[in-house]
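**Q** Dumping the structure here so I can ask a few things about it.
The values are calculated or read from the model by the stated rules, or taken from the named source; none is laboratory data. Owing to the predicted nature of the structure, the values given are computational and were not obtained by experimental measurement. With ideal geometry, Cβ positions are generated from the backbone for all residues, glycine too; neighbour counts draw on all protein chains shown.
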Amino acid sequence: MRQMATVLSNRPVAKGAMEMKVSVGAGEIAPGTFFHVKTSQLLRRPLSVANVDGNVVTFLYKVIGAGTTDLAARKAGDKLDVLGPLGNGFPLDQTGKRVVLVGGGIGIPPLYYTRRMLAARGIETVAILGFDTKESIFYEDAFRELGETIVTTVDGSYGEQGFVTGPLERIQADVLFSCGPEPMLKAVAASHIPERYISIENRMGCGIGACFACVCQAPGGYVKVCSDGPVFQAEEVTL
Ligand SMILES: Cc1cc2nc3c(=O)[nH]c(=O)nc-3n(C[C@H](O)[C@H](O)[C@H](O)COP(=O)(O)OP(=O)(O)OC[C@H]3O[C@@H](n4cnc5c(N)ncnc54)[C@H](O)[C@@H]3O)c2cc1C
């Protein structure tokens, strides 16, 4: 659904990372889905749903290019043209199982709302959040409020030094939900956790399955990340 959202707040939460809250029309928003956001650029920019509170949706985004630089300049009261929620999210029906959430950098946002929704169902979770360095960490406290949270930094300036795959080796869980850079997804998709779901953040065109800009190789051919995903079982895609 295309709609004009209203920006409620837009503030830095870490080095190069912003949190934007917008009010949107009513409707169910599943964790792991995304909105396709109109910026100053021709093509919309996909942003994951980082949280939902009533009709308020939170985005957490890294400022990396023209589109996200434009978003970072938006002020409370501005209108934002958004299409969504789009895509298929994480399967929340995990009763009786332990879920490990593994996020890398700007792949972390969808895992926060997902964790909240799992907690609301009484499902036990553990989170591993990987960042480059101490200054890039965001939402650590929010994650800790929901359960055990392990933070890693590549340069060792905070938490455990190294990649998320280090702590993952010692975690016992039934299911893995993950989002982050492709090398990380490749590693977690090959981990010892029996059931593994990954969210792929390929570059995207239309966001609704029409343009094929975001296709990803799959054992039987290809899948469209925007409309078949962005969440897939690890076996469904070839990274
Ligand atoms: C389903 C989905 C959900 C996403 N959720 C979030 C989110 O919650 N928070 C967030 O910060 N980002 C998210 N992204 C990535 C975000 O859409 C891009 O960072 C954004 O579109 C960049 O726009 P830009 O105009 O600022 O940068 P551009 O000028 O388009 O790109 C700047 C540089 O970044 C590279 N780049 C851009 N997009 C991607 C990408 N998807 N993967 C790898 N490299 C890229 C470009 O090649 C270029 O080098 C998501 C992407 C997808 C597909």
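**Q** Could you tell me which of the residues 103, 77 is within 13 Å of the ligand (Cβ to nearest atom) and either of a type outside the set (Lys, Arg) or touching a residue at least 40 places away in the same chain (Cβ under 8 Å) (or both)? Step through it out loud before you land on a result.
**A** Details: 77 fails: within 13 Å of the ligand (Cβ to nearest atom).
Criteria check complete, one pass: 103.
**Q** Further question on the same structure: Answer yes or no as to whether residue 125 is part of a strand (DSSP E or B) and either at pLDDT below 95 or crowded, with 18+ Cβ neighbours inside 10 Å (or both).
**A** Here the answer is yes, as residue 125 does meet what is asked.
**Q** If you scan region 142-156, which residues turn out to be within 22 Å of residue 61 (Cα to Cα) and either touching a residue at least 24 places away in the same chain (Cβ under 8 Å) or touching a Ser or Thr at 6+ places or on another chain (Cβ under 9 Å) (or both)? Give the steps one after another, and end with the answer.
**A** If we filter region 142-156 for residues that are within 22 Å of residue 61 (Cα to Cα), which is where we start, we get 142-146, 149-155.
Result: 142, 143, 146, 150, 152, 153, 154, 155.
**Q** Go through (1) more than 11 Å from the ligand (Cβ to nearest atom); (2) farther than 24 Å from residue 177 by Cβ for residue 93 and report which single condition fails.
**A** Unmet condition: (2).
**Q** Among the residues that make up region 185-203, is at least one of them within 12 Å of the ligand (Cβ to nearest atom) and among the polar types (S, T, N, Q)?
**A** Scanning region 185-203 turns up at least one residue that is within 12 Å of the ligand (Cβ to nearest atom) and among the polar types (S, T, N, Q).
**Q** Run down 39, 68, 33 and say which single residue is of a type in the set (S, T, N, Q), out of contact with any helix residue (DSSP H, G or I) (no Cβ under 6 Å at 6 or more places or on another chain) and near the ligand (Cβ under 8 Å from one of its atoms). Show your work before the answer.
**A** Numbers: 39 fails: out of contact with any helix residue (DSSP H, G or I) (no Cβ under 6 Å at 6 or more places or on another chain); 33 fails: near the ligand (Cβ under 8 Å from one of its atoms).
Only one candidate passes the filter, namely 68.
**Q** Taking residue 161 as meeting all but one of (1) surrounded by fewer than 19 Cβ atoms within 10 Å (Cβ to Cβ); (2) within 19 Å of residue 90 (Cα to Cα), write down the number of the exception.
**A** For residue 161, the exception is condition (2).
**Q** Which of the strands (runs of 3 or more DSSP E) contained wholly in region 4-116 include at least 2 residues that are outside the structural domain of residue 144 (by TED's automatic domain parsing) and surrounded by fewer than 21 Cβ atoms within 10 Å (Cβ to Cβ)?
**A** Working: elements: 17-23, 34-37, 45-48, 51-53, 56-62, 79-86, 98-104.
Where strands (runs of 3 or more DSSP E) fall fully within region 4-116 and carry at least 2 residues being outside the structural domain of residue 144 (by TED's automatic domain parsing) and surrounded by fewer than 21 Cβ atoms within 10 Å (Cβ to Cβ), they are 17-23, 51-53, 56-62, 79-86.
**Q** Quick one: is residue 52 within 25 Å of residue 208 (Cα to Cα) and more than 13 Å from the ligand (Cβ to nearest atom)? Steps first, answer last, please.
**A** On the way: within 25 Å of residue 208 (Cα to Cα): yes; more than 13 Å from the ligand (Cβ to nearest atom): yes.
Against the criterion (within 25 Å of residue 208 (Cα to Cα) and more than 13 Å from the ligand (Cβ to nearest atom)), residue 52 qualifies.
**Q** Looking only at residues that are in contact with a Lys or Arg (Cβ under 9 Å, 6 or more places away or on another chain) and of a type in the set (Asp, Glu) in region 71-100, which one is farthest from residue 175 (Cα to Cα)?
**A** Of everything passing the filter in region 71-100, 81 is farthest from residue 175 (Cα to Cα).
**Q** Just to be sure, is residue 151 in a strand (DSSP E or B), over 27 Å from residue 20 (Cα atoms) and of a type in the set (A, V, I, L, M, F, W, C)?
**A** It is false that residue 151 is in a strand (DSSP E or B), over 27 Å from residue 20 (Cα atoms) and of a type in the set (A, V, I, L, M, F, W, C).
**Q** Now a separate question. Could you say whether any residue in region 200-223 is among the charged types (D, E, K, R) and within 16 Å of the chain's Cα centre (by Cα)?
**A** yes
**Q** Any residue in region 35-50 that is more than 17 Å from residue 64 (Cβ to Cβ) sitting within a Cβ distance under 9 Å of a residue that is near the ligand (Cβ under 8 Å from one of its atoms) and of a type in the set (S, T, N, Q)? List the pairs, counting only those 6 or more apart or interchain.
**A** So the pair list comes out as 35/48.
**Q** To continue, here is another question. Are any residues in region 207-222 without any contact (Cβ under 8 Å) to a residue 24 or more places away in the chain and part of a loop (DSSP other than H, G, I, E, B), and if so, which ones?
**A** 209, 210, 211, 212, 213, 214, 219, 220
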